[in-house]
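Read-outs: derived from the displayed coordinates by stated rules, not from any lab. Note that the structure is a prediction, hence the values are computed from the model and not measured. FYI the Cβ positions are ideal-geometry reconstructions off the backbone, even for glycines, and counts take in every protein chain you see.
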Amino acid sequence: MISNPILSGFRADPSICRVGSDYYIAVSTFEWYPGVEIHHSTDLVNWRLVVRPLNRAALLDMRGNPDSCGIWAPCLSYADGKFWLVYTDVKRLDGDFKDAHNYITACETIDGDWCDPWYINSSGFDPSLFHDDDGRKWFVNMQWNHRGAGTGVNPAHDSFDGILLQEWSPEAGLTGPITNIYAGTDRGLTEAPHLFKRGGYYYLTTAEGGTGYEHAVTLSRSRDISGPYEDHPDKHVITTKHAPDHPIQRTGHGQMVETPEGEVYHTFLMGRPMTGLDGTGQYCPMGRETGIEKCVWRDGWLYLEHGDQTPRVRVPAPKGITTTPNALQAIRHDFADGTLPPEFQWLRTPDPERLFRVEPGAVILMGRESWGSWFEQSLLARRQEHHTYIADTQVEFDPDTYQQAAGLLTYYNRGKFHGLTLTYEGGKRALRVVSCAGDWSDGALSWMPDIIPVADRPVEMRVDVDHAAQQFLWRQGGDWQPIGAPLDASIISDEGGRGEHASFTGAFVGMHCMDTSGRASEATFTRFNYIPGGAT
């Protein structure tokens, strides 16, 4: 069986393609660098991260991008002996405008050096590339309408102004007419177009209903690539809007793939909500993850195999596949080989040498701008992938002003985080716990009253997370000691703080160093462990 999610932790907008017996999924990374994650599998059961291809300034520079901007909804495909990757770099989120620039890059191998990009357009986001069987290539993206109510093609949400189609080639760029081929259904917010062809029909998969609990995968078809497109008899192939108690929620935005034997699967993004500390609400700390379902064809339309629009937690694997999902494992790093473990990312900048360096046995972070910066923030972090986990590290740091701080951070964005910091208070090195509870514009930094002086030697730090509760601990030899009261971990989620608005990523946990004095003080971290609840 396949267990959903197949990619746990913030991994949204899954675009899947198959090359021979190899499957690849590309997912969004938003403001986290390098951009786009590509995962590989041979069985659809177990997946591993193989590359983040947007790894240099020519491909991506997100300095100044607001939270939840950056890389939205990549599309991965294979044709002409190459992998093709289409992506958006979103520069603005709030307000009526979306400044969204679309690019294409290509590479002959999935983990090679991807070429400098072709700039395509900026008319909207969620672009994709379709390779027709006659050799022509077609570019599609949703069109963003900034003009307000009553001006769009779909009255359900005027800003999402239909799906645009135009021919594209590497040599000539975009050519021919721009055609608005699909306005969407009455659920609205029509985005994430992917084209495929079967039995003389062009099929258009889109996502509708927004990224929350009304999300859906919508399917339509046409004999002509330019339309008109007729909707699926059920409109939506995948949705959980009608199943609020199902453990999988927020399903939508995916792509179809066929196995070599002709079995059909469809990826989708999903959430695994938990309740808050008071036992109410719905919070997704892992953000939007990646799931998959088995499908069947009936009367020229795609349906989920089990006859319902609600995807299952456990799904039949392709025929002949006998592997089982990997068991939970503790992930421990001592940085002995002098390389950065692949699960770690940083924020926005293509110049990581200004933020950190890795030496045998240690990661050294250079203190840069504040936790609220959109430019240079020294944070190396990995995704939270489980509702319960322990993370711990050891830091050596010698601050001489309260403007310097280093330690362990649970982080969603610049307005939603909790941190255990080694800083300088009252003329001494000291530990303090800081939180930002969900709205930076209100200046919501809060400091726990505990200030614990520590000796002049490395400090071990730990955080225990159990669903909506988290607790920081520390030690310098001896037993672990809690510091501060338990914290509300539901803040570190899509719905925490200001809620889903401007919250498209997921929870991270990692090492940080801040120096707002501008002196770039350095903190040395000699290990980082991530231990899921129930791990071996």
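Tabulated results
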read-out: Charge tally in the Cβ shell below 13 Å around Trp447, where Lys, Arg are +1 and Asp, Glu are -1, Trp447 excluded; value: -1
read-out: Cα centre as origin, Lys/Arg/Asp/Glu Cβ charges: the chain dipole, Debye; value: 320 debye
read-out: Where trypsin sites (Lys or Arg not before Pro) fall in DSSP loop in the range 213-257, at most 11 other Cβ within 10 Å; value: Arg223
read-out: Residue-wise HN-Hα coupling along the range 11-22, computed from phi with Karplus coefficients 6.51, -1.76, 1.60 (Hz; x: Gly, Pro); value: 8, 9, 6, x, 9, 10, 8, 10, 10, x, 9, 9
read-out: Exposure proxy ranking, count of Cβ atoms within 10 Å, fewest first, for Arg383, Arg187; value: Arg187, Arg383
read-out: Rounded FRET efficiency, nearest 0.05, which uses the C-beta distance separating Thr109 from Asp456 and R0 of 51 Å; value: 0.55
read-out: Lys, Arg +1 and Asp, Glu -1 on Cβ, resulting dipole of the range 219-306 about Cα centre, debye, nearest 20; value: 260 debye
read-out: Mean separation of Cα contacts under 8 Å (6+ apart) over length of the chain, as relative contact order %; value: 14 percent
read-out: Largest-first ellipsoid semi-axes for the range 172-227, taking √(5λ) over the Cα gyration tensor eigenvalues, angstrom; value: 23, 15, 10
read-out: Subset of Lys82/Lys294; Lys294/Lys319; Lys197/Lys235; Lys137/Lys294; Lys235/Lys294 violating a 21 Å alpha-carbon distance limit; value: Lys82/Lys294; Lys137/Lys294
read-out: Within the range 214-322, GluC sites (Glu not before Pro) in DSSP loop having at most 11 other beta-carbon neighbours inside 10 Å; value: Glu261
read-out: Unit charges at the beta carbon, dipole of the range 238-368: most positive-side option, Val264, Gly276, Gly338; value: Gly276
read-out: Note, ³J(HN,Hα) from phi for the range 38-45, Karplus 6.51, -1.76, 1.60, rounded to Hz, x at Gly and Pro; value: 10, 10, 10, 8, 10, 9, 6, 9
read-out: Convex hull of Cα atoms in the range 323-376, direction-averaged projection (nm²); value: 5.8 nm²
read-out: Environment charge at Ala362 (Cβ cut-off 11 Å; Lys +1, Arg +1, Asp -1, Glu -1); value: -2
read-out: Among 167-177, 416-426, the order from most to least packed when residues are scored by Cβ within 10 Å on average; value: 416-426, 167-177
read-out: Per DSSP, loop trypsin sites (Lys or Arg not before Pro) in the range 264-340 with at most 12 further Cβ within 10 Å; value: Lys319
read-out: Order by protection proxy (mean Cβ within 10 Å, highest first), peptides 429-435, 149-155; value: 429-435, 149-155
read-out: Hz values of 3J(HN,Hα) by residue in the range 250-260 - Karplus curve (6.51, -1.76, 1.60), Gly and Pro given as x; value: 6, 7, x, 6, x, 7, 8, 8, 10, 6, x
read-out: Rounded to whole Å, sorted largest first: equivalent-ellipsoid semi-axes of the chain, Cα gyration tensor; value: 41, 24, 22
read-out: Shape category assigned to the range 2-315 from the gyration tensor of Cα positions, a/c cut at 1.5; value: rounded
read-out: Built amide H within the under 5 Å cut-off of Glu425, gap 5+; value: Ala430
read-out: Whether the range 331-532 is rounded, prolate or oblate, judged on the alpha carbon gyration tensor where a/c under 1.5 counts as rounded; value: rounded
read-out: Packing rank of 106-118, 447-459, where each peptide gets the mean count of other beta carbons within 10 Å, highest leading; value: 106-118, 447-459
read-out: Neighbourhood net charge (14 Å Cβ-Cβ; Lys/Arg +1, Asp/Glu -1) for Gln345; value: +1
read-out: Dipole of the chain, positive end: most advanced residue of Thr109, Pro449, Met511 [Cβ charges, Cα centre]; value: Pro449
read-out: Relative contact order (%) - criterion: Cα under 8 Å, at least six apart; region: the range 331-532; value: 31 percent
read-out: Cα-based shape type of the range 114-265, given that a ≥ b ≥ c are square roots of the gyration tensor eigenvalues and the cut on a/c is 1.5; value: oblate
